[in-house]
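The values are calculated or read from the model by the stated rules, or taken from the named source; none is laboratory data. Small disclaimer: the values here were computed from a predicted structure and weren't measured. All Cβ positions, glycine included, derive from the backbone under ideal geometry; neighbour counts span all protein chains shown.
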């Protein structure tokens, strides 16, 4: 996969407001400064395990992505800036009768254009597919250590796990008791003050409809553990220096400063996503909007996130969803990256990582890639 | 007085104020931020603490206008723990308990007395109290409306029953043709549709369902038998069945009227705008005739954030209290302005929406220069968190140390972790007093009580106030409101 373009994820056009914390979950609302109605997002329930054919026919895909998909997002836009016409309940897929639910849903492509102005995409799965397909092709040179399966089918199957929102302790309560601001189009989710997810939609009405759907997303392993370990977070109550205030105007200004402090807080706490350079790949272009997905630098000692975003040509972030990789997931991708960079030559890769070949093989096995190596090599490795 | 005694008095006063505030707003039901179980645990603790430490004052709070849930609880606790009391104490508590039982709605009073049985409280005194309670009621009416409760109570307390009452309760309606007209109607209602419409609504409803009478027909014909509060409660059901139930909205209690108003969609409210507005004003005026209040220049800071939608147990109650307080203060003040958290053109059309930003409307209210600022909110402000408390603290410390403007915080929500309504300001030498409130029409009483809540009045004054209220309470033979427990 490409992921060649380097840029930052910036909350352009969005302003953070005062956070609300409930239990260990803190939600920072993002208010949109200029609301335009030429891009709207709606959800359509899927609620079934889904096989997404990424290449090939729907019924017989050559490359497929499989996961439980709770909902799909349908994005509608106009290219000339006019507001998108309301379509009410017409978000239902016309081809899928509502009372015939298959055991496994078959979908064609992660993002599919259903109408001249409607694009169906699977939120967060889009980003996860990008991450899983990193170096998915496997070794292209038949080095002696690789097994026949590795040479024939590459990394297949590439499997990762994540915790669903329902398993994050306290998230449901935090979402239920959150008071949505006027003009709010997104939020940052922190669990025990660790950034769990960024969620942005184009329009405040869309946000009100989709706010509770955060419970259907999946979250990183670290978030799941933090939610179990921590019961509450520190409350950031505003403090006014009484000595510096002599009239009501001064008091008003002091309170406004307290509110504005959230911008700094957000920048500091979300630096893993906002300050780190990301690697981007374009997925679809629709009018003035670009649907792209990104992966962070995958350095094992840093915070790592993957995600997807729709960015307007003028730079505003219209839609975004992110996922925080666990340390193990980041390590796996990092290993693959370094081995691929050495043209899949394990000796050269071990040199570049400054370890012995045996160490590298052990790392590969511990990361879960033992199936790439020949049996006798695996057996020959020390425990 | 020695300093130690001063401190004891101060602590007693604080504890009592805490208890009164908690008992004003807690009903043991789920709220927006804390669930029903937390609420129950907190209020149980408070009852036990106050009863254990200040028993006499605990008993006297029955007269201080605590809500029905807590009044019933105090009655049960007092009677269940009356071992070792002096004759004087027993007599006083007995009088207060009797008056409290008379003032409660019938189902609550019955349930309280039945709870005594479950607590293992028997004996002559309990039986005497039950007999006195039943002697003050129309037992024939209670026999058909609260049949099981009355029967259990009579059974456990060996109460002698006159006339056909005993036979009706214990042998059942089938036994024979009754001489008492009400019992005979009840018996006939099992066989004939016509007799059903002569019974009270709650009894007739079940019988009509048994005889499979269509809901619309039933509602149309039972209309003359409905009490005013039942009419208000059934408006929605009647509208669904295309039956029109006349109700004089202006005579409904203020908070109930506000709850009814908020249960209508904004479009429906707009259609009946004139009627609803007039009804709110009329109801507020009626509340003021019962408890007069005359204020000067008043600003109200009212919370209409999403948390005022409360929970399914008490939907939109905080918002209804705010709306009721708005109507009441408008009638009671010479000059009045309302400052809502999310500015609204017309308070009639409000819905719970948005974040809780109390600081901005509070600053706007203070710059208008009022004599009194009343803040109605659940105390959980989050834009920014603690903003209102800081505004109050700095305002009092730097801008208005001479106290030209009084600020009072009225809180309709009981926060279980804080053992009371959540306070806006916790620091500072003279923090803004936080008072619990359940019904907007009690606002005058609660405002009069505000002097004690900020710690400036001595315990002796509070005790004297309670003593006066006790005399009035015991002296009245006030009939209970005819309705069941409110949400």
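How many of the residues making up region B:417-431 are more than 14 Å from chain A (Cβ to nearest Cβ) and crowded, with 21+ Cβ neighbours inside 10 Å?
Count: 2.
Outside any helix (DSSP H, G or I), touching a strand residue (DSSP E or B) at 6+ places or on another chain (Cβ under 9 Å) and away from chain B (no Cβ under 14 Å): which single residue out of A:188, A:214 fits that description? Don't jump to the end; show me each part of the working.
Working: A:214 fails: outside any helix (DSSP H, G or I).
Residue meeting the stated conditions: A:188.
For residue B:448, are the conditions met, namely being more than 25 Å from residue B:28 (Cβ to Cβ), away from chain A (no Cβ under 14 Å), in contact (Cβ under 8 Å) with a residue 12 or more places away in the chain and surrounded by fewer than 17 Cβ atoms within 10 Å (Cβ to Cβ)?
No; evaluated as a whole, the condition is false for this residue.
If you go through region B:341-354, how many residues are within 13 Å of chain A (Cβ to nearest Cβ) and buried (at least 18 other Cβ atoms within 10 Å of the Cβ)?
The total comes to 5.
Just one of (1) crowded, with 16+ Cβ neighbours inside 10 Å; (2) farther than 30 Å from residue A:41 by Cβ trips up residue A:368, so point out which.
(1)
Name the single residue that is nearest to the other protein chains (Cβ to nearest Cβ) among those in region B:391-412 being buried (at least 24 other Cβ atoms within 10 Å of the Cβ) and not in a helix (DSSP H, G or I).
Ranking the qualifying residues of region B:391-412, first place goes to B:407.
Of the conditions (1) part of a helix (DSSP H, G or I); (2) in contact (Cβ under 8 Å) with a residue 24 or more places away in the chain; (3) more than 26 Å from the chain's Cα centre (by Cα); (4) under 30 Å from residue B:93 (Cβ atoms), residue B:216 clears all except one; give me its number.
The number of the failed condition is (4).
Results for (1) under 30 Å from residue A:176 (Cβ atoms); (2) assigned to a loop (DSSP other than H, G, I, E, B), shown as yes or no for each residue.
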position	(1), (2)
B:10	no, no
B:27	yes, yes
B:38	yes, no
B:45	yes, no
B:48	no, no
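Please determine, by comparing only the residues of region B:355-390 that are surrounded by 20 or more Cβ atoms within 10 Å (Cβ to Cβ) and at positive phi, which one is farthest from the other protein chains (Cβ to nearest Cβ).
My answer is B:379.
Does residue B:66 qualify as being assigned to a loop (DSSP other than H, G, I, E, B) and touching a helix residue (DSSP H, G or I) at 6+ places or on another chain (Cβ under 6 Å)?
It is true that residue B:66 is assigned to a loop (DSSP other than H, G, I, E, B) and touching a helix residue (DSSP H, G or I) at 6+ places or on another chain (Cβ under 6 Å).
Just one of (1) touching a helix residue (DSSP H, G or I) at 6+ places or on another chain (Cβ under 9 Å); (2) surrounded by fewer than 19 Cβ atoms within 10 Å (Cβ to Cβ); (3) part of a helix (DSSP H, G or I) trips up residue B:82, so point out which.
(3)
Do we find a residue being in contact with a helix residue (DSSP H, G or I) (Cβ under 7 Å, 6 or more places away or on another chain) and in a loop (DSSP other than H, G, I, E, B) anywhere in region B:298-312?
Looking through region B:298-312, at least one residue is in contact with a helix residue (DSSP H, G or I) (Cβ under 7 Å, 6 or more places away or on another chain) and in a loop (DSSP other than H, G, I, E, B).
Looking only at region A:95-108, decide whether some residue is modelled with pLDDT of 90 or more and touching a strand residue (DSSP E or B) at 6+ places or on another chain (Cβ under 8 Å).
No, region A:95-108 contains no residue that is modelled with pLDDT of 90 or more and touching a strand residue (DSSP E or B) at 6+ places or on another chain (Cβ under 8 Å).
Is it true that residue A:228 is more than 14 Å from chain B (Cβ to nearest Cβ) and in contact with a strand residue (DSSP E or B) (Cβ under 9 Å, 6 or more places away or on another chain)? Don't jump to the end; show me each part of the working.
On the way: more than 14 Å from chain B (Cβ to nearest Cβ): yes; in contact with a strand residue (DSSP E or B) (Cβ under 9 Å, 6 or more places away or on another chain): no.
Judged against the criteria, residue A:228 is not a match.
Would you point out which residue out of B:32, B:69, B:45 is more than 16 Å from the chain's Cα centre (by Cα) and crowded, with 17+ Cβ neighbours inside 10 Å?
Result: B:32 is the single residue among B:32, B:69, B:45 that is more than 16 Å from the chain's Cα centre (by Cα) and crowded, with 17+ Cβ neighbours inside 10 Å.
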